Amino acid sequence: MKIAHLVGHGALNGVATSSRILIQAQLDAGHEVMLVHSLGSWIEHQHFDGPVRMMGSSFATTPREIRRVGYAIRDWGEDVVHCHGSRGNKFGLVFRCAAGTPIVMTAHARQYQLPWLFAHEVIGLSQWTVDYYVKHWLVSRRHIHLLPNMFDVGRIEPVSVASRARARAALGIRDEAFLIGSVGQLGGRKNQIDMVRVLRKLLDEDVDAELLVIGSTNQGNDIMAEWDAAIAAPELTGRIHLPGLRNDALELLPAFDLFLMTSRDEQAPIAPLEAMAAGLPVLSTRVGNMVDLLPREQSFAVGDVDGMAAAALDLRDATQRRAVGQAGRQEIARQLDPKRIVGEIDRIYRLAIGRSSKKRRQK
C-alpha cells in the first residue's frame with residue numbers, strides 16, 4: 001500500500017514521535033511511505049530504516065501550496081492519505097473534497113476542527129477521545145475507531161545503575177535523592193503545579209525528595225497561576241530542577257526514580273510510555289489511554305495530590321519500583337505492539353479507500 005502522511009507539527013512532541021513510530025512500522029510491514037512534513041521540523045531529520053519519500057511544506061492554506069502538495073501526492077500514486085495535526089487535517093479536507101482522495105485523520109487532541117466531519121475514517125487514541133468527538137462534534141461512531149498509538153519498547157533500554165548515574169551526573173542531581181517528575185512543556189494543561197504539591201508532601205514525611213521537569217519553561221497562554229510562587233518557596237530551594245527543553249530527554253529518563261503525569265487533559269501521551277518502556281514506575285491522572293495502561297493503584301483523579309503522594313511514598317523502596325516498572329514495560333509491550341496495531345490501521349485504510357469516491361470512479 002502507498003501511504004502519504006501529512007504531519008503538520010514542527011516540534012518534538014507526541015504527534016511527531018507517534019507519527020515516526022507509525023511510519024517505521026509501516027515500512028517494516030512492506031508499505032511504501034511518503035512523508036509531507038513541516039519545514040525545519042523534528043521529524044524531517046529522523047532516520048528511517050527503509051525508503052521514505054520526503055517533502056517539505058509550509059502547510060500554508062493557500063491554493064498554490066495546497067495544489068503543490070496535492071499534485072505531488074497524486075503523481076506519486078497514493079492509496080490513502082493519513083493526516084496528523086490541524087494543519088495536515090486542513091489539507092486532507094481539501095484533497096477529499098477536490099479529488100475524492102481517501103482520507104484518514106488521527107485525533108491527537110480533543111478540539112473542534114471542521115475537517116473531522118470530512119474524513120472518511122477517524123482514529124481516536126483512547127475511549128476518552130472517541131466519546132468526546134462522538135458526543136460534542138457529531139463524528140459518526142461508525143467511522144471513528146478506538147486504536148491507541150503503537151509503541152516499540154525494544155527501542156528503549158531499561159534503566160540500569162550505570163545509566164541512572166550518568167543521567168544524574170549530567171543534570172547535577174544527587175545519587176541519594178528520591179527524584180520525581182516528568183517530561184513535558186510547563187503549563188496549565190499538564191498541571192505540573194501538582195508535582196510541586198506532591199514534592200512538598202514527601203518532604204513533610206522527611207523523604208529526601210527532589211523534582212525534575214524536563215521541557216520548555218515557556219508557558220505561553222497556558223499559564224499556571226501559582227507556579228512561580230510555589231517554586232520560590234524557601235524550603236524548596238535546590239530541590240526543583242528545570243533544565244528546559246532537551247534533545248537528550250530519553251537519555252535523561254534514567255535519572256528519575258518515579259515518573260509523574262498530572263495532566264488535566266491528554267489523549268495518548270508519549271512521555272509516560274517512554275518512562276514505562278525504561279522500566280520506571282509511572283503515576284498518572286486518569287486521562288486518555290493511561291486509564292487502560294495503568295492499574296487502578298497507579299492512576300488518580302485530576303488534583304488528587306494526596307493519593308499520588310501516598311503512592312509515591314509506597315514506591316520509595318528500589319525493589320518495589322523495579323517490580324512496578326517491569327510490569328509497566330510488559331503491559332505496553334502487550335497492548336501497544338506495533339505489528340498488531342499496523343494491521344488494525346491497514347483495516348481502517350481499506351475502509352477509507354472503500355468509501356472514497358476516487359476509488360469508486362476508478363472501478
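Just a few scattered comments:
- Tally, over segment 71-94, of residues that are farther than 18 Å from Val342 by Cα, out of contact with any Pro (no Cβ under 8 Å at 6 or more places or on another chain) and open to solvent by less than 20 Å² (accessible area, probe 1.4 Å): 4
- Filtering segment 243-287 to residues that are of a type in the set (D, E, K, R) and within 14 Å of the chain's Cα centre (by Cα) leaves Asp265, Glu266, Glu274.
- Listed by first and then second residue, the pairs linking a residue in segment 56-77 that is at negative phi and outside any helix (DSSP H, G or I) to a residue that is open to solvent by 60 Å² or more (accessible area, probe 1.4 Å) and among the aliphatic types (A, V, I, L, M), with Cβ atoms under 8 Å apart and 6 or more places separating them unless they lie on different chains, are Gly56/Leu39; Ser57/Leu39; Ser58/Leu39.
- Helices (runs of 4 or more DSSP H) contained in segment 291-363 and holding at least 2 residues touching a His at 6+ places or on another chain (Cβ under 8 Å): 338-355
- The single condition from (1) surrounded by fewer than 19 Cβ atoms within 10 Å (Cβ to Cβ); (2) modelled with pLDDT of 95 or more; (3) out of contact with any Leu (no Cβ under 8 Å at 6 or more places or on another chain) that Ser38 fails is (1).
- Members of segment 1-26 found to be within 16 Å of Ile123 (Cα to Cα), of a type in the set (Gly, Ala, Ser) and out of contact with any helix residue (DSSP H, G or I) (no Cβ under 8 Å at 6 or more places or on another chain), listed by number: Ser18
- Only one of Arg168, Arg197 that is at negative phi, open to solvent by 50 Å² or more (accessible area, probe 1.4 Å) and in contact (Cβ under 8 Å) with a residue 12 or more places away in the chain: Arg197
- For Ile240: the one exception among (1) more than 23 Å from the chain's Cα centre (by Cα); (2) open to solvent by 30 Å² or more (accessible area, probe 1.4 Å); (3) free of Cβ contacts under 8 Å to residues at least 40 places away in the same chain: (3)
- Against the test of being out of contact with any Phe, Trp or Tyr (no Cβ under 8 Å at 6 or more places or on another chain), among the aliphatic types (A, V, I, L, M) and open to solvent by 60 Å² or more (accessible area, probe 1.4 Å), the options Val342, Val291, Val302, Val324 yield a single qualifying residue, Val302.
- Only listed residue being out of contact with any Phe, Trp or Tyr (no Cβ under 9 Å at 6 or more places or on another chain), in contact (Cβ under 8 Å) with a residue 24 or more places away in the chain and not in a helix (DSSP H, G or I), chosen from Ser284, Ser263: Ser263
- In this structure, Arg68 does not qualify as of a type outside the set (A, V, I, L, M), more than 22 Å from the chain's Cα centre (by Cα), under 28 Å from Gly354 (Cβ atoms) and open to solvent by 40 Å² or more (accessible area, probe 1.4 Å).
The values are calculated or read from the model by the stated rules, or taken from the named source; none is laboratory data. If you're wondering where the values come from, they're calculated on a predicted model, not measured in any experiment. Cβ coordinates were reconstructed from backbone atoms using ideal geometry, including for glycine residues, and neighbour counts include every protein chain displayed. Note: accessible area is taken over every heavy atom of the protein model, side chains too, but ligands, DNA and RNA are not part of it. Shrake-Rupley method; radii C 1.70, N 1.55, O 1.52, S 1.80 Å.
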